[in-house]
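Okay, so here's the structure we're looking at.
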Amino acid sequence: MSREDHTSDGERRIDPILGPDPLGILVYANNYFSAQFMKRERSADSVSQPTAAGQNNTSAIGGYDAYFGTYEVNKETNQVAHTLVGSINPGNIGMTVHRNLLVEGDKLTIKLETTTREGEPVTRTLTWKRIS
């Protein structure tokens, strides 16, 4: 449904690689997950954009980010650890990233602390809607 980054004072920051409103799909099944994000207005120019990963985050390539692996949920803290087994970017393989989860009906909200390409701290909020 959405993917937004905000600074501690509430200012929105737009990810230059994936844009303000990327398309995405997230799948969880039997301790495995898969995630894909794509810049909505992706073009040939997107492929030449430099990549950079924020802290506690993956790095996209050419307006696209995709990875899969295993996950483990800590039910006491509502935090999930994603361990990346495969990724569009080889530099992401093997990393474990942590996210906070909130499930409300068919809506999943994932929050994480990360940084912009310039190193500015932001909170990323991803809102997903269950489709099956």
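Of all residues in region 115-129, which are part of a strand (DSSP E or B) and crowded, with 17+ Cβ neighbours inside 10 Å?
Matches in region 115-129: 115, 122, 124, 126, 128.
Determine which single condition residue 36 fails, assuming it passes every other condition in (1) closer than 21 Å to residue 132 by Cα; (2) at pLDDT below 90; (3) not aliphatic (A, V, I, L, M).
If we test residue 36 against (1) closer than 21 Å to residue 132 by Cα; (2) at pLDDT below 90; (3) not aliphatic (A, V, I, L, M), just (2) comes out false.
Where residues in region 59-84 are in contact with a helix residue (DSSP H, G or I) (Cβ under 6 Å, 6 or more places away or on another chain) and at positive phi, which of them is surrounded by the most Cβ atoms within 10 Å (Cβ to Cβ)?
63
Considering only region 87-103, I want to know if a residue exists there that is outside any loop (DSSP other than H, G, I, E, B), among the hydrophobic types (A, V, I, L, M, F, W, C), within 12 Å of the chain's Cα centre (by Cα) and at pLDDT below 95.
Scanning region 87-103, I find at least one residue that is outside any loop (DSSP other than H, G, I, E, B), among the hydrophobic types (A, V, I, L, M, F, W, C), within 12 Å of the chain's Cα centre (by Cα) and at pLDDT below 95, so the answer is yes.
Can you spot a residue in region 68-83 that is outside any strand (DSSP E or B) and either among the basic types (Lys, Arg) or modelled with pLDDT under 90 (or both)?
Checked region 68-83: at least one residue is outside any strand (DSSP E or B) and either among the basic types (Lys, Arg) or modelled with pLDDT under 90 (or both).
How many of the residues making up region 5-22 are surrounded by 14 or more Cβ atoms within 10 Å (Cβ to Cβ) and among the aliphatic types (A, V, I, L, M)?
Adding up the residues that qualify gives 2.
The values are calculated or read from the model by the stated rules, or taken from the named source; none is laboratory data. These numbers come from a predicted model, not from an experiment. Here Cβ is always computed from backbone atoms with ideal geometry, including for glycine, and neighbour counts include all displayed protein chains.
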